[in-house]
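The values are calculated or read from the model by the stated rules, or taken from the named source; none is laboratory data. Every value quoted in this text rests on a predicted model; they were computed, and no experiment measured them. Note that each Cβ is placed from the backbone with ideal geometry, even for glycine, and that neighbours are counted across all protein chains shown. In case anyone asks, the SASA skips ligands and DNA or RNA and just uses the protein heavy atoms, side chains included. Shrake-Rupley method; radii C 1.70, N 1.55, O 1.52, S 1.80 Å.
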Amino acid sequence: MAESCRGLKMFTTVVLLCLVFVHASGSDDVHPLSKISIHMATRKLSESVTIKATPKILGLQGEDTQWVNVTIVNPNPSVADWVAVFSPANFNSSICPKENVEDQSPFLCTSPIKFTFANASSPNYSTSGKAVLRFQLINQRADFSFALFSGGLSNPILVAVSNFISFANPKAPLYPRLAQGKSWNEMTVTWTSGYDIDEAIPFVEWGMKGARQDRSPAGTLTFTRNSMCECKDYSSDNRRYLDRQVSRYTYRLGHILSDGSNIWSKSYSFKSSPYPGQNSLQRVIIFGDMGKAERDGSNEYSNNQPGSLNTTDRLIQDLPNYDIVFHIGDIVYANGYISQWDQFTAQVQPITSAVPYMIASGNHERDWPNSGSFFNTPDSGGECGVLAQTMFYVPAENRAKFWYPTDYGMFHFCIADTEHDWREGSEQYAFIERCLASVDRQKQPWLIFISHRVLGYSSSLDYALEGSFAEPMGRELQKLWQKYKVDLAFSGHEHLYERTCPVYENQCVNTETSHYSGTVNGTIHVCIGNGGKSLDTFSTVVPQWSLVRDDQDWGFVKLTAFNHSSLLLEYIRSRDGSVHDSFTISRDYSDVMACVHDSCEPITAKT
């Protein structure tokens with residue numbers, strides 16, 4: 001038997017249109033692009049000012065990213081001058097919709113993808129009027145131009161526009177993203193291209209390495225600005241099945257054009273997933289709250305996710321040494337800027353094209369007032385989960401609700417969606433119990449619960465100030481974790497690392513700190529929300545259940561299952577790859593089945 005990849009095409013030609021979002025002055029979650037008052041920009045082009053971009057054609061050797069040099073000559077320079085990247089190149093503020101912006105200032109319509117100040121790499125610019133800047137561009141399916149503004153960000157005056165540049169194949173299928181399907185023998189791939197539905201037919205060519213390659217059709221989804229805050233069920237797909245052996249598969253993405261010709265992506269490869277219970281070395285990466293950053297140092301999120309490239313590059317470097325990734329919410333921090341999703345998928349492509357990249361829903365993917373999210377905040381910038389659920393595949397019954405189970409060899413994962421109600425009596429609570437109850441612990445001894453927000457234990461300053469040491473109402477799930485003997489509960493949201501003892505009802509139930517064996521009488525909670533976002537701080541109060549805390553650096557967790565009775569957790573700092581916390585679990589099936597407090601079925605007098 002073989003495997004089919006489900007293709008997902010995004011037709012997002014107008015990649016620079018932003019969504020309406022609430023500007024929160026002073027917050028570190030304010031998108032730097034929102035500081036630019038584009039809607040107030042004036043146009044005063046000057047023949048004495050020049051800005052030129054080279055080379056004009058990018059990707060002639062098939063590259064999907066390339067560096068561009070931008071040369072500026074300005075006889076009237078200022079330290080407030082800045083250069084913006086636009087795509088499509090022919091931007092015009094007249095396309096802005098006529099909307100009341102009093103409650104949403106500054107309102108952005110045609111926003112640059114990114115920007116930098118003219119003196120960023122040429123400190124003498126303000127006196128010489130000459131500068132050479134370097135920008136890294138990715139293929140965003142449209143041409144580019146560079147614009148020089150004076151007057152700072154709040155009173156922008158457009159003084160010069162560069163020549164247009166473009167990629168040689170702007171519509172090519174790009175940025176593949178693998179994901180585990182609804183069962184162990186299903187693999188899904190989504191990707192991005194510039195072809196509209198009636199322009200080309202997408203497909204995947206795949207097969208075992210060195211063997212005949214088959215073709216499978218792919219589905220097509222599109223989104224535009226008007227798609228946001230319309231959470232829909234995207235659950236249809238096409239798939240076949242993998243062999244039970246762990247095999248290496250190769251694949252490439254294609255589109256059949258109307259003239260019968262084919263457009264191809266690069267070739268990629270992945271390993272088939274182990275079947276449930278398979279006894280092999282299995283390695284899992286888990287982190288949250290990473291976001292993205294620009295390698296060229298330009299301004300958009302480089303100040304808000306300073307550790308993003310650390311984590312990305314460390315995982316790329318270590319790619320042969322793990323098998324699946326869980327990015328547990330707050331993925332891009334795009335806040336409604338569609339172009340940021342392209343930037344992110346390009347950044348993580350070496351990872352997502354080679355191993356399953358599973359995601360969970362965070363507040364910055366889903367939350368928006370009066371949209372059905374559990375928290376009535378504007379954190380998604382109006383995305384309402386649409387971009388996350390379209391860009392990335394998860395095997396949920398209803399993908400507008402990001403809760404789902406997935407198996408990986410000896411692991412069984414239950415992924416919750418903290419942006420929808422999880423309390424007892426809710427639809428999600430019923431799912432969580434079904435997911436936890438469905439595992440066969442003899443085959444899959446390692447039962448893992450994942451959520452974005454902390455539903456268990458955290459001594460971060462934010463939660464300490466609330467007096468809750470967790471998300472309010474979060475611990476309603478404690479009796480389920482205890483009943484089904486959940487080994488580990490992972491969360492993000494708080495931008496730090498923290499590991500608890502095996503804990504139940506605020507009490508450590510095991511005095512060990514580095515090696516655990518015997519009965520499962522409590523769940524170890526791990527907050528790993530320091531994937532790249534600016535770091536949070538801990539409370540000065542250290543609860544007795546908090547064993548290890550790190551709010552000084554970025555990192556991720558690596559789980560290694562050696563067999564059915566031996567598991568290793570390592571917390572790795574992404575800056576240098578050093579291990580800053582670790583512990584092992586060793587036990588037998590009888591230890592998992594042993595009766596402990598609040599984890600056994602009630603026994604009646606008749607019994």
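For this structure, a couple of remarks:
- Top-ranked residue in the stretch 477-505 [being among the charged types (D, E, K, R) and under 24 Å from His327 (Cα atoms); ranked as surrounded by the fewest Cβ atoms within 10 Å (Cβ to Cβ)]: Lys485
- For Leu153, the conditions (1) among the aliphatic types (A, V, I, L, M); (2) modelled with pLDDT under 90; (3) not in a loop (DSSP other than H, G, I, E, B) all hold with the exception of (3).
- Of all residues assigned to the stretch 367-378, at least one qualifies as being open to solvent by less than 10 Å² (accessible area, probe 1.4 Å) and in the same structural domain as Leu253 (by the TED database).
- In the stretch 554-570, the count of residues that are assigned by the TED database to the domain that holds His495 and more than 23 Å from Leu447 (Cα to Cα) is one or more.
- For the stretch 309-337, a residue qualifies if it is open to solvent by less than 10 Å² (accessible area, probe 1.4 Å) and either at pLDDT below 95 or not assigned by the TED database to the domain that holds Thr418 (or both), and the qualifying residues are Val332, Tyr333, Ala334, Gly336, Tyr337.
- Considering Thr560, Thr513, Thr523, Thr540, the condition of being of a type outside the set (A, V, I, L, M) and over 20 Å from Ser459 (Cα atoms) is satisfied by Thr560 alone.
- Among the residues here, Lys266 qualifies as among the charged types (D, E, K, R), touching a Gly at 6+ places or on another chain (Cβ under 8 Å) and open to solvent by 10 Å² or more (accessible area, probe 1.4 Å).
- For the stretch 269-308, filtered to residues that are open to solvent by less than 30 Å² (accessible area, probe 1.4 Å) and assigned to a strand (DSSP E or B), the residue that is nearest to Ala334 (Cα to Cα) is Phe287.
- Residue within the stretch 528-536 that is in a strand (DSSP E or B) and under 19 Å from Ile328 (Cβ atoms) present: yes
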